[in-house]
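The values are calculated or read from the model by the stated rules, or taken from the named source; none is laboratory data. It should be emphasised that the depicted structure is a prediction, and the values quoted were computed from it without experimental measurement. Virtual Cβ from ideal backbone geometry, glycine too; neighbours counted across all protein chains shown.
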Amino acid sequence: MSEYLPFIIFGLITGSIYGISAMGLVLTYKTSGLFNFAHGAISASSAFAFYSMRDQHGFPWPVAMVLTLLVFAPAQAVVLQYLGRRLALVSTTYRIVATVGILVAILALAQIIFGPSTLQFPRFLPQEEAFSVEGVIVNYDNIANIAIGIIAATALTLFFRKSRLGTDMRAVVDDASLLDMTGTSPARVRLAGWLIGTMFAALSGIMFAAYQQQLDVNILSLLVVQAFGAAAIGRFTSIPLAFAGGLIVGLLQNIMSKVVSSNTDLQGLDTNMPFIVLFILLLVLPRDKLREVGRQIKNRAVPESRFTLQQRGVGWMAILVVALLIPMVVGSRLPSYNTAMSQVVLFLSLNVLVRTSGQISLCHIGFAAIGAAGFGHMLANGVPWGLALLIGGLITVPVGALIAIPAIRLSGLYLGLATLGFGILLAQYAYNKPYFFNGSLPTSRPEVWGMSDDQHFYYLLLAIAIVAIGLVVAVERSRLGRLLRGLSDSPLALSTLGVNLSIARVIIFCFSAFLAGISGATYASLFGSVTSDSFFYAQSLVVLAVMAISGRRSITASIVAPILLYVVPSYTSNPDLKLGLQVAFGVAAVLVAVTSQSSFSFRSSRIPQVVDGRRLDPISASVRRQIAAT
């Protein structure tokens with residue numbers, strides 16, 4: 001027991017931070033119906049604000065803390081509440097897109113302001129020894145971390161149960177219009193929820209940075225993923241259980257680090273315990289405990305094209321001609337076009353999954369990584385290039401079937417959480433194993449027709465992209481495509497026709513994973529070798545954001561998106577400008593999500609109205625209009 005005691009103590013310390021973050025996440029989700037994937041980015045931005053005031057401008061740490069928690073965090077809350085009102089009447093997919101867009105923008109903006117390097121973040125609480133247990137020294141700042149978490153959890157629980165505002169926060173989720181009829185503004189109640197939630201996010205970010213003694217925007221932004229596991233233990237609705245879940249996750253994570261320290265095959269499982277907990281709970285919790293908060297909205301149907309079939313044919317021929325001419329006119333930027341061409345297939349796979357079937361995936365870069373690893377290992381064993389490419393795609397098919405297991409019982413938000421957790425687990429545990437990249441995995445191009453030349457290889461990538469486009473078009477126009485669109489529009493109606501929805505979900509995940517694996521293999525062949533950095537899991541979030549701003553039609557978006565992501569940045573050598581493009585991608589994703597449901601006239605009806613001196617949110621305003629009409 002004495003061997004495990006240090007890990008238990010440090011598990012309680014980190015677990016209290018996870019619990020604080022999870023409580024803020026659950027609170028904002030309960031009161032707004034918007035699950036904020038950018039919750040960790042709010043933590044990161046607040047920690048950077050604290051660092052700027054304390055370390056760069058010389059503010060005393062208590063002043064910096066007060067300004068961060070009571071000024072900077074509430075300012076973010078106002079913006080998020082404003083967006084939350086407008087996202088109330090869009091689909092779950094676009095709610096995820098919007099918060100992912102915020103995450104992408106904050107990540108890039110932090111790197112522009114503070115640079116990409118990790119910053120030192122000195123601790124600010126007393127470091128003196130408070131006591132020791134079996135030789136394990138516990139400092140005052142360790143006690144403070146645990147005490148702050150316990151006090152916050154207790155205070156927030158009592159606040160919800162005893163105060164009028166706490167009661168209103170519970171009521172606004174159940175029936176906002178009924179709350180409005182009692183004379184309480186739902187918009188103000190939601191704002192209060194966002195204020196408290198962002199302050200908890202800010203506090204957890206500062207505490208985590210101090211505990212780690214470093215400030216890294218990527219690590220802090222993904223602190224929310226640690227909170228996902230804790231929130232899952234609280235079933236995404238219970239605040240005290242969310243804090244308890246944080247303690248459980250912290251204990252499991254630290255104890256597992258002791259267990260796996262002597263086993264290289266298991267190393268990495270400790271850091272991934274939050275994702276393992278999240279994935280398991282999403283599979284075993286009863287479905288009635290995983291109902292999404294808030295109103296469920298269907299995606300607006302894509303309107304018919306305004307161009308005739310003949311006009312579209314001419315347009316596609318023009319695009320093909322331009323594609324054929326690219327190697328002759330772009331000069332030294334051809335490698336960027338090759339990269340973009342290899343990613344057309346990836347965006348096709350994501351579009352057919354998200355747009356056609358209405359599913360969600362936040363682990364598509366993981367699928368591509370599996371295809372790249374399979375492709376590289378096949379080449380190392382003497383398999384011809386074309387066959388190795390095909391095998392790289394086929395290897396991802398059973399993984400797609402595995403991800404389809406949670407898709408069978410989950411949808412929307414919870415499916416997004418499951419796929420994100422799987423993608424991070426894959427990257428942090430498997431990438432550096434011998435059966436994956438093992439540091440660096442050699443690859444190669446075909447040894448025919450001068451493929452070592454970028455121009456010749458471009459035409460091969462173009463041919464693969466055209467074949468993939470034809471395959472996707474064939475699927476969308478087939479009976480399977482009609483079933484997938486029905487799966488997106490109304491799964492219940494489709495099931496009444498005798499269609500097995502589980503089989504349909506498995507098929508589309510397998511098909512999408514196969515295309516992503518092909519894309520990963522072609523991407524790997526561009527550079528002669530691939531590493532774990534080639535398939536950074538956070539890129540799955542960037543890919544989703546860029547896809548959202550590239551148009552609503554699958555084929556067009558799959559061509560535009562890689563151009564935006566890989567070609568446009570190649571026309572500047574300024575790293576800040578490249579990061580600025582990512583900020584623009586994130587902001588554009590938010591705007592696309594907010595305006596996703598229809599025309600300007602419909603959006604105008606969602607602008608909050610003022611009635612009897614109070615601002616009404618869109619849903620409450622709509623209910624009042626219906627009552628007035630009767």
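Search region 482-509 for residues being of a type in the set (Gly, Ala, Ser) and under 21 Å from LEU402 (Cα atoms), and hand back the single one that is surrounded by the most Cβ atoms within 10 Å (Cβ to Cβ).
Step by step, filter region 482-509, then rank; the result is ALA504.
Kindly establish whether ILE555 is assigned to a helix (DSSP H, G or I), within 24 Å of TYR458 (Cα to Cα), modelled with pLDDT of 90 or more and not assigned by TED's automatic domain parsing to the domain that holds VAL217.
Against the criterion (assigned to a helix (DSSP H, G or I), within 24 Å of TYR458 (Cα to Cα), modelled with pLDDT of 90 or more and not assigned by TED's automatic domain parsing to the domain that holds VAL217), ILE555 does not qualify.
Looking at region 233-262, which of its residues are touching a Leu at 6+ places or on another chain (Cβ under 9 Å) and free of Cβ contacts under 8 Å to residues at least 60 places away in the same chain?
ILE233, ARG235, MET256, VAL259, VAL260
I'm told SER573 meets every condition in (1) part of a helix (DSSP H, G or I); (2) out of contact with any strand residue (DSSP E or B) (no Cβ under 7 Å at 6 or more places or on another chain) except one. Can you identify the failing condition by its number?
Going through (1) part of a helix (DSSP H, G or I); (2) out of contact with any strand residue (DSSP E or B) (no Cβ under 7 Å at 6 or more places or on another chain) one by one, SER573 breaks only (1).
Conditions (1) aromatic (Phe, Trp, Tyr); (2) on the phi < 0 side of the Ramachandran plot; (3) more than 17 Å from the chain's Cα centre (by Cα), marked per residue:
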position	(1), (2), (3)
SER361	no, yes, no
LEU389	no, yes, yes
LEU425	no, yes, no
ASN432	no, yes, yes
ASN438	no, no, yes
ARG445	no, yes, yes
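I'd like the residue in region 452-464 that is aliphatic (A, V, I, L, M) and within 15 Å of TYR523 (Cβ to Cβ) and, out of all such residues, is surrounded by the most Cβ atoms within 10 Å (Cβ to Cβ).
Among them, the one singled out is LEU461.
For region 535-543, check the following and say yes or no: at least one residue is touching a residue at least 60 places away in the same chain (Cβ under 8 Å), not assigned by TED's automatic domain parsing to the domain that holds ALA368 and not in a helix (DSSP H, G or I).
No, region 535-543 has no match at all.
Scan region 226-242 and tell me whether some residue there is more than 14 Å from TYR429 (Cβ to Cβ), assigned by TED's automatic domain parsing to the domain that holds ASN142 and of a type in the set (D, E, K, R).
The answer is yes, given that some residue of region 226-242 is more than 14 Å from TYR429 (Cβ to Cβ), assigned by TED's automatic domain parsing to the domain that holds ASN142 and of a type in the set (D, E, K, R).
Can you confirm whether PHE375 is outside the structural domain of SER452 (by TED's automatic domain parsing) and out of contact with any His (no Cβ under 7 Å at 6 or more places or on another chain)?
Criteria not met by PHE375.
Being over 22 Å from ALA64 (Cα atoms) and either part of a helix (DSSP H, G or I) or hydrophobic (A, V, I, L, M, F, W, C) (or both) is the filter here; which residues of region 115-133 pass it?
Those that are over 22 Å from ALA64 (Cα atoms) and either part of a helix (DSSP H, G or I) or hydrophobic (A, V, I, L, M, F, W, C) (or both): ALA130, PHE131, VAL133.
Please return the ranges of helices (runs of 4 or more DSSP H) entirely within region 39-114 where 2 or more residues are buried (at least 24 other Cβ atoms within 10 Å of the Cβ) and within 19 Å of the chain's Cα centre (by Cα).
So the answer is 39-51, 73-87, 92-114.
So, ALA372, is that one of a type in the set (A, V, I, L, M, F, W, C), at pLDDT 90 or above and crowded, with 20+ Cβ neighbours inside 10 Å or not? So that I can check it myself, show each step before the final result.
Numbers: of a type in the set (A, V, I, L, M, F, W, C): yes; at pLDDT 90 or above: yes; crowded, with 20+ Cβ neighbours inside 10 Å: yes.
Here the answer is yes, as ALA372 does meet what is asked.
Conditions (1) modelled with pLDDT of 80 or more; (2) under 30 Å from VAL26 (Cα atoms); (3) surrounded by 11 or more Cβ atoms within 10 Å (Cβ to Cβ), marked per residue:
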site: ILE276; (1), (2), (3): yes, yes, yes
site: PHE279; (1), (2), (3): no, yes, yes
site: GLN310; (1), (2), (3): yes, no, no
site: VAL322; (1), (2), (3): yes, no, no
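For every residue, the table says whether it meets (1) out of contact with any Gly (no Cβ under 7 Å at 6 or more places or on another chain); (2) over 19 Å from MET23 (Cα atoms); (3) buried (at least 21 other Cβ atoms within 10 Å of the Cβ).
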{"residue": "GLY245", "(1), (2), (3)": "no, no, yes"}
{"residue": "VAL249", "(1), (2), (3)": "no, no, yes"}
{"residue": "ASN254", "(1), (2), (3)": "no, yes, yes"}
{"residue": "VAL260", "(1), (2), (3)": "yes, yes, no"}
{"residue": "ASP265", "(1), (2), (3)": "yes, yes, no"}
{"residue": "PRO286", "(1), (2), (3)": "yes, yes, no"}
